[in-house]
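All remarks here apply to the structure that follows.
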Amino acid sequence: MTGAAVIRLPQAGAHAAPASQAAQARRPAGSVRFQGLGKTYVSSAGEVQALQGINLDIEPGEIFGIIGRSGAGKSSLLRSINRLERPSEGRVLVDGEDIAGLGEAELIRLRRRIGMIFQHFNLLAAKTVRENVALPLRIAGVPQDEARARVAEVLRLVGLEGKEDTYPSRLSGGQKQRVGIARALVMRPEILLCDEATSALDPETTLSILRLLRDINRRLGLTIVLITHEMSVIREICHRVVVLEHGRIAETGPVWQVFAQPQHAATQALLAPLTRALPEDLSARLRDRAEPGDWQVIELPFTGEAAPDLAVLAQGVRLVQAQVDPIDGHAVGRLVLLAPPELDPASLSPNARRLGHVATND
Amino acid sequence: MSPQMIDRLIGAFLDTLLMVSASAGIALLAGIPLAVFLVTSGPGGFFPAPRLNRALGALVNGFRAVPFIVLLVALIPFTRLVTGTTIGVWAAVVPLSISATPFFARIAEVSLREVDPGLVEAAQSIGASRWHIVRHVLLPEALPGIIGGFTITVVSMIGASAMAGAVGAGGLGDVAIRYGYQRFDTTVMVAVIVILVALVSVVQVTGDRAVRRLRAR
Ligand SMILES: Nc1ncnc2c1ncn2[C@@H]1O[C@H](COP(=O)(O)OP(=O)(O)O)[C@@H](O)[C@H]1O
Ligand SMILES: [Mg+2]
């Protein structure tokens with residue numbers, strides 16, 4: 001990465017540096033390491049290899065996304081972190097500790113350090129909001145006074161004051177997920193696992209929950225590992241992402257990089273809904289070979305690395321389509337330009353690519 | 001009806017009430033742990049004990065397959081062993097509760113199985129022990145179904161207690177047989193029927209109301 005060429009946006013991922021420094025200074029809280037992880041389910045229907053050869057590190061304090069098609073193994077991977085699933089092969093280390101050998105009491109202690117939220121919220125219908133959120137404290141034997149204060153504190157954090165005595169069935173989907181988040185946070189965990197936490201919510205509510213998660217990550221510094229099948233969720237809040245395909249890692253890296261230059265077909269397929277196609281009238285007229293007088297259609301990708309010199313665009317170049325998003329402080333997207341025949345695309349940027357030629361009537 | 005007959009009916013009603021409540025109490029106390037065990041010790045459960053699970057399952061099915069009147073007679077030696085007698089209210093409580101427990105346990109089992117596995121998983125994720133899951137998730141979430149099942153159990157127990165009355169347990173069934181049937185006293189027969197219908201209705205309405213209140217949350 002050539003520092004000078006990167007478009008750095010104001011809120012650029014400042015979390016990364018302090019977190020990794022802290023990791024070296026003391027024992028990291030909230031790190032996860034998968035070593036050669038494999039998971040095979042054995043059922044009457046036969047064996048299913050859900051995960052294979054997963055090697056991956058999740059850093060303390062980051063928001064890490066897991067994405068892939070349905071059945072790719074996302075939940076199996078996530079659930080191995082709090083040992084809701086046991087690995088068939090390999091190891092899972094939480095803060096450097098192999099969790100395979102934990103006994104029941106130690107496992108309970110581990111799970112109190114790891115919160116989890118679910119697609120369908122999984123709230124107890126027979127308990128009020130307050131009782132749901134207080135349950136982890138109650139079974140951990142936290143004294144009542146302290147428990148009451150902590151429940152009030154997390155309910156304030158998730159914006160649910162005043163709903164303490166309501167039963168979950170009377171809440172909206174977004175409110176239910178807030179209760180889920182409050183319940184997951186009340187033990188002050190160092191890791192929060194989210195399994196499709198926004199998949200049952202409408203887009204607006206999804207956005208508000210994602211903002212809440214990002215806020216929690218910044219304020220409390222906890223590691224968030226989240227599963228989604230929507231790339232837009234990853235783009236919104238994740239720092240790094242892994243793409244799973246048939247139980248293997250297709251690719252992994254910082255979100256802006258994976259978005260800017262997806263290497264794997266699975267990633268490209270997942271990104272397709274986010275990428276706007278060329279305008280209909282343009283793509284219909286596009287041809288590979290130039291006819292006399294044709295203009296060039298040029299794609300100018302922004303990959304967060306070499307930002308093209310916009311001054312060049314002033315010389316008779318027309319903007320046809322633009323889609324550039326800031327992802328974790330990097331500009332990612334593309335411009336589609338109409339340029340006169342004599343212009344050399346490389347003069348715009350080394351990454352510029354000619355998509356074809358079109359006749360222009362003006 | 002003579003005053004003596006009215007006294008007799010009141011006494012019989014109280015006997016039936018005692019028989020049914022004692023047996024229902026025992027069925028409740030024994031049936032819920034049995035149901036929890038049947039649910040949690042099966043395949044995929046969190047107290048896995050497949051053999052004991054199968055054995056208990058078979059035992060429960062066995063008791064449920066035997067008609068109450070047959071069970072009543074077959075259990076006479078056991079009843080004598082426990083209560084020292086084979087007639088009277090307490091002698092009836094033994095076969096009544098033995099027949100009601102497996103019946104109720106199966107109904108409670110169904111309700112417990114219907115608890116969303118996602119809730120168990122959520123409880124595991126917050127560091128709940130298996131006992132905590134039973135205590136805070138399975139039982140409270142299945143409660144409406146369990147109460148509904150208990151209501152059905154008590155109603156069918158009222159019917160069975162009348163049957164037990166026929167073989168010397170006392171209670172309303174005894175009065176109906178001895179006076180209503182053997183002495184052709186239609187008034188007594190009608191009185192017994194009215195009392196039984198009222199009793200069943202009260203139980204059913206109370207149970208239904210409790211279930212409705214729990215489900216309305
Ligand atoms: N408990 C299970 N028993 C058998 N197969 C399972 C079980 N859980 C998941 N699988 C299978 O493992 C594969 C991966 O599942 P999962 O991790 O849930 O994928 P995802 O969350 O990406 O949809 C799927 O083929 C699924 O059918
Ligand atoms: Mg899944």
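General remarks:
- Relative contact order (%) - criterion: Cα under 8 Å, at least six apart; region: region A:280-358: 48
- Summed over all non-identical Cα pairs, the Kirkwood treatment of chain A gives a radius of 22.8 Å.
- For chain B, with +1 on Lys and Arg beta carbons and -1 on Asp and Glu, the positive-most of B:Ser97, B:Ala216, B:Gly45 along the dipole: B:Gly45
- The count of lysine pairs in chain A with alpha-carbon distances below 25 Å, taking only pairs 8 or more places apart or on different chains, stands at 5.
- Gyration tensor (alpha-carbon) shape descriptor, region A:258-349, a/c threshold 1.5: oblate
- For chain A: relative contact order, % (alpha-carbon pairs under 8 angstrom, 6 or more apart): 20
- Region A:197-241 and region A:131-172: distance between their alpha carbon centers, rounded to Å: 22
- Nitroxide proxy distance, nm - points 7 Å out along Cα→Cβ at A:Gln315 and A:His229: 4.9
- The overall shape of region B:125-191, judged from the alpha-carbon gyration tensor, is prolate: a/c is not under 1.5, and a/b is greater than b/c.
- Mean residue ellipticity at 222 nm, helices only, the protein assembly as shown: -15000 deg cm²/dmol; runs of at least 4 DSSP H residues each add -39,500 (n - 2.57), and the sum is divided by the number of residues.
- Comparing mean-square fluctuations of A:Ala182, A:Ala265, A:Ala72 from a GNM of chain A with C-alpha springs under 10 Å, the top value falls on A:Ala265.
- Percentage relative contact order, region B:137-217, counting C-alpha pairs under 8 Å, at least six apart: 36
- Computed from point charges on the beta carbon alone (+1 for Lys and Arg, -1 for Asp and Glu), the dipole magnitude for the protein assembly as shown about its Cα centre is near 1800 Debye.
- Amide H partners (placed H, <5 Å) of A:Asp95, local residues excluded: A:Gly30, A:Ser31, A:Val32, A:Arg33
- For region B:86-186, chymotrypsin sites (Phe, Trp or Tyr not before Pro) meeting the loop criterion (DSSP other than H, G, I, E, B) and having at most 10 other Cβ atoms within 10 Å: B:Phe184.
- Per-residue extension of 0.36 nm, minus the Cα-Cα distance of B:Ala210 and B:Ala58, leaves a gain of 51.5 nm for this segment.
- Under the simplified labelling scheme, the A:Ala277-B:Val73 pair shows an inter-label distance of 8.1 nm, with each label point 7 Å from Cα along Cα→Cβ.
- FRET efficiency for the pair B:Ala65 and B:Ile87, taken as 1/(1 + (r/R0)^6) with r the Cβ-Cβ distance and R0 = 35 Å, rounds to 0.85.
- Charge tally in the Cβ shell below 10 Å around A:Gln52, where Lys, Arg are +1 and Asp, Glu are -1, A:Gln52 excluded: +1
- DSSP finds beta bridges in chain A, and of those with both partners inside it, around 70 percent are antiparallel.
- Between A:Ala152 and A:Asp344, residue separation times 0.36 nm minus the direct Cα-Cα distance comes to 62.8 nm.
- Whole-Å distance, taken between Cα centres, linking region A:321-348 and region B:12-75: 74
- Full extension of the chain between A:Arg353 and A:Arg109 yields a length gain of 82.4 nm, computed as 0.36 nm times the residue separation minus the alpha carbon distance.
- Using the Cβ of B:Val175 as centre and a radius below 10 Å, the other residues enclosed give a net charge of -1, where K and R count +1 and D and E count -1.
- Rounded if a/c under 1.5, otherwise prolate or oblate - region A:35-129, Cα gyration tensor axes: rounded
Bear in mind that the values in this text are calculations on the coordinates, not laboratory data. The structure displayed is predicted, hence computed values, not measured ones. We place every Cβ from the backbone using ideal geometry, glycine too, and count neighbours over all the protein chains shown.
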